[in-house]
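Enquirer: Quick one: the structure is below, questions incoming.
The values are calculated or read from the model by the stated rules, or taken from the named source; none is laboratory data. None of these values were measured; they are calculated from a predicted model. Don't worry about glycine lacking a Cβ; one is built from the backbone with ideal geometry, like all the others, and counts go over all protein chains shown. When the accessible area is computed, the model is the full protein with side chains, heavy atoms only, and any ligands, DNA or RNA have been set aside. Shrake-Rupley method; radii C 1.70, N 1.55, O 1.52, S 1.80 Å.
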Amino acid sequence: MPDLPTPDGAAVAKPEAAVSRSAFRRVLAGSTAGAVLEWYDFALYGILAATVLGPLFFPGGNAVAQLLLALATQGLGFVARPIGGIVFGHLGDRVGRKPMLVVTFLLLGLSTSAIGLLPTYAQAGIGATISLVVLRLVQGFALGGEFGAAVLMVSEHGSPRRRGFWSAWPQAGAPLGTVLATGVVGVLTLVLSNGQFAQWGWRIGFLLAVPLLVIGFWIRRRIDESPAFRQARSRAGAAEQARSSVFETLAHPAPVLRGLGVRLGENVAFYVYTVFVVAYATSSFGYTKSDVLLAVTVGSLLQFAGMLAGGHWSDVVGRRIAMLVPAAGLALWAPLFFLMVRSESLPLLYVGVGVGAALHGLLAGPEAAWIAELFPTHRRFAGASLVFQGSSIIAGAPAPFIAVWLVENHGTTAVVLYLVATIAVTLVALFFSAETKGADFDA
């Protein structure tokens, strides 16, 4: 049988590992669609937490207390992520990547749209607050398996030669989801009065998850199982198939710890430049909400481009150097970013957010392929999920809360130190990591 083309045009001698271009496009579209929905929900909740959700679901107290409670609920959704990562990570390594991709996407889309139907505290009392918390937990549980499945489906279908670039696409779902969320909120605030938006307009954003759910589910049902998983499954003996991939991964913790270290600074930087800045710039300075949201939208587009560029660059120079350079840039940019925001100059706000988001994109782009390459196929889902979701609860969940608290109690210098310290951990973890570019998933 002649060699068959992979998605980047390279030939492979193993027909069972070959993937047609049309099949790979479905995998890429389905995985990226889930990431877009995931981060659309995250960005939407973060924006609305800084504007309307606090008073609607956490009445009483001052405005800062309401904001902190709303952001804490956002962080609470992250508590369930490691649980989802453990459950879906084990199932993904034993049952398959595709079933997890479909199940987690359904849970995510349904819980997101359900938030748009919730009664407020004024309508249902504490039951409304509890319902919001429960739905955030369901979202977190689904997300625990969603992102790992999306990244692995792409990285295991694509060829090693361009794995960094292809795997960056699910990562790039974050800025695309942020652009979509800020665009939706921006349009709603333009066409609705403040009263209309606070009463019912905010619900529209969550209900827009329904068409995203329908399209993404249709695409994901049509994709094929990962070739790497099928090969690993066929080679595995009964004893190996019966073992828990989660326990086996925890028994070899070094790759997990390196992944958590790299993700620490990257996660904190993302939340500071895209979520915290909305509340910080609008509540502490003279920026309007629409101005800040537009700056975040522009920054997210630069972040998207940075992720794809970073993924491609890592295929050329290697994962480590492609992540070390932008990580160092983020540490150097942190104090300049806050000086630009404090200037109350709109052009400088755009520069501050845009450069920070672009540097973050260059760091995060190669990260997806790098994390997948840290683990062997038979426990790759568990390992990647533990890294992605473990870092989310360690860094992502508390980041907006910590940043708001630091500003209120110690000023912006404390936030700069917090950001630089976490990025320093990322630099150390990368420095002591081996190069993984081109790792053989068939080994």
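Enquirer: Do you know the relative contact order of region 112-228, to the nearest whole percent, from alpha carbon pairs under 8 angstrom that are 6+ apart?
Expert: 40
Enquirer: For Ile321, what accessible surface area do you get with a 1.4 Å probe? Give it in Å², rounded to 10.
Expert: Near enough 70 Å² of accessible area.
Enquirer: Roll a 1.4 angstrom probe over the protein heavy atoms and tell me the percent of accessible area of the chain that is carbon or sulfur.
Expert: Working: 11290 of 15960 Å².
Here carbon and sulfur together make up 71 percent of the probe-accessible area.
Enquirer: Do the sum for the chain: with -39,500 (n - 2.57) for every DSSP H run of n ≥ 4, divided by all residues, what is the mean residue ellipticity at 222 nm, to the nearest 500 deg cm²/dmol?
Expert: Numbers: 22 runs with 337 residues, N = 443.
When only DSSP H runs of four or more count, the value is -25000 deg cm²/dmol.
Enquirer: A further question on this structure: Compare Leu332, Leu212, Leu101 in a GNM of the chain, Cα atoms joined below 10 Å, and give the one with the largest fluctuation.
Expert: Leu332
Enquirer: Just subtract the alpha-carbon distance of Ala254 and Phe285 from 0.36 nm times their residue separation and send over the number in nm, one decimal.
Expert: Details: separation 31, 0.36 × 31 = 11.16 nm, distance 4.39 nm.
Gain on stretching Ala254 to Phe285: 6.8 nm.
Enquirer: Based on the alpha carbons, how large is the Rg to Rh ratio for region 122-204 when Rh follows Kirkwood? Please list the in-between numbers first.
Expert: Values: Rg = 18.5 Å, Rh = 16.0 Å.
Radius of gyration over Kirkwood radius for region 122-204 works out to 1.15.
Enquirer: Along the charge dipole of the chain, Cβ charges K/R +1 and D/E -1, which of Leu301, Gly125, Leu135 sits furthest on the positive end?
Expert: Leu135
Enquirer: Here's something else I'd like to know. Keeping all protein chains in place, calculate the accessible area per residue for region 327-435 (probe 1.4 angstrom), answer in Å². Show your work: numbers first, answer last.
Expert: On the way: 3660 Å² over 109 residues.
Dividing the accessible area of region 327-435 by its residue count gives 34 Å².
Enquirer: Let me ask you something else. Please compute P(r) over all alpha-carbon pairs of region 205-359, binned at 10 Å starting from zero, and give each bin as a whole-number percent.
Expert: The percentages, shortest bin first, are 9, 24, 25, 26, 11, 4, 0.
Enquirer: May I ask you to order 259-265, 222-228 by the average number of other C-beta atoms within 10 Å around their residues, highest value first? Display every interim value, and only then the final one.
Expert: Values: 259-265: 24.6, 222-228: 19.9.
Highest to lowest by the protection proxy: 259-265, 222-228.
Enquirer: Semi-axes of the equivalent ellipsoid for region 301-346, please: Cα gyration tensor eigenvalues, times 5, square-rooted, ordered largest first, whole Å.
Expert: Numbers: eigenvalues 146, 35, 4 Å².
That gives 27, 13, 4 Å for the three semi-axes.
Enquirer: Label region 202-282 by shape, choosing from rounded, prolate and oblate, from the square roots a ≥ b ≥ c of the eigenvalues of the Cα gyration tensor; if a/c is under 1.5 it is rounded, and otherwise prolate applies when a/b is larger than b/c, oblate when it is not. Don't skip to the answer; put the middle values down first.
Expert: Values: a/c = 3.57, a/b = 1.39, b/c = 2.58.
Cα axes put region 202-282 in the oblate bin.
Enquirer: Still on this structure, I have one more. Using a Förster radius of 60 Å, what is the FRET efficiency between Val351 and Ala434 based on their Cβ-Cβ separation? Nearest 0.05, please.
Expert: Details: r = 36 Å, r/R0 = 0.60.
Efficiency at R0 = 60 Å is approximately 0.95.
Enquirer: If we sort 107-116, 354-363, 288-297 on the protection proxy, mean other Cβ atoms within 10 Å, highest first, what's the order? Present the calculation step by step, with values, prior to reporting the outcome.
Expert: Working: 107-116: 21.6, 354-363: 26.2, 288-297: 20.0.
Ranked by mean Cβ neighbours within 10 Å, highest first: 354-363, 107-116, 288-297.
Enquirer: Then there's this: Calculate the spin-label point distance for Ser20 paired with Leu332, positioning each point 7 Å from the Cα along the beta-carbon direction, and give it in nanometres.
Expert: It is 4.9 nm.
Enquirer: Another question, if that's okay. So, how do all the Cα-to-Cα distances of the chain break down into 20 Å bins, in percent, from 0 on up?
Expert: All Cα pairs, binned at 20 Å, distribute as 27, 58, 14, 0 percent.
Enquirer: Separation between the Glu344 and Ala124 pseudo-spin-labels, each 7 Å from Cα along Cα→Cβ, expressed in nm?
Expert: Label at Glu344, label at Ala124, 4.2 nm between them.
Enquirer: Here is a further query. Do you know the relative contact order of the chain, to the nearest whole percent, from alpha carbon pairs under 8 angstrom that are 6+ apart?
Expert: On the way: 826 pairs, mean separation 110.2, N = 443.
Result for the chain is 25 percent.
Enquirer: Which peptide among 84-91, 117-124 comes first, and what is the full order, when sorted by highest mean count of other Cβ atoms within 10 Å? Can you show the working numbers first?
Expert: Working: 84-91: 24.9, 117-124: 14.6.
Top of the packing list down: 84-91, 117-124.
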